[in-house]
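In what follows, a single structure is set out as structure tokens and then discussed.
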Amino acid sequence: MQDMRPEDVRGEWREYYWNYFDGTSRRLLITDEETRFPTGELIVSQTDVAGIITMCNEAFVHMSGFSRGEDPGRAPFDPASPGHAQGRVR
């Protein structure tokens, strides 16, 4: 999984590292800008009992910042989790 790059982010950002259960991590650049999503669009994901993503829709892929192949099998993206509570990803 690729780290986020400063040239892909608008405005000022803070660096944060998202650590996965498998020992890998991803560099996230957190801003205080909210990402608007079209009215009526649903963000859908399904996880197993361990919290690992098993299915997600295109809206989830878009909002998470991951590619389609990266989402399934990863821990869920949670913008309200510690490290995201004060800002938004991209």
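Laboratory data are not the source of any read-out in this text; all were calculated from the coordinates shown. As the structure is a computational prediction, the values presented were derived from the model and not from experiment. Note that we place each Cβ from the backbone using ideal geometry, even for glycine, and neighbour counts take in every protein chain shown.
Peptide packing for 26-33, 2-9, 49-56 was compared via the average number of neighbouring C-beta atoms within 10 Å per residue; ordered from the highest value, the list is 26-33, 49-56, 2-9.
Available extension along the chain between VAL44 and GLN2 is 12.8 nm, counting 0.36 nm per residue and deducting the alpha carbon span.
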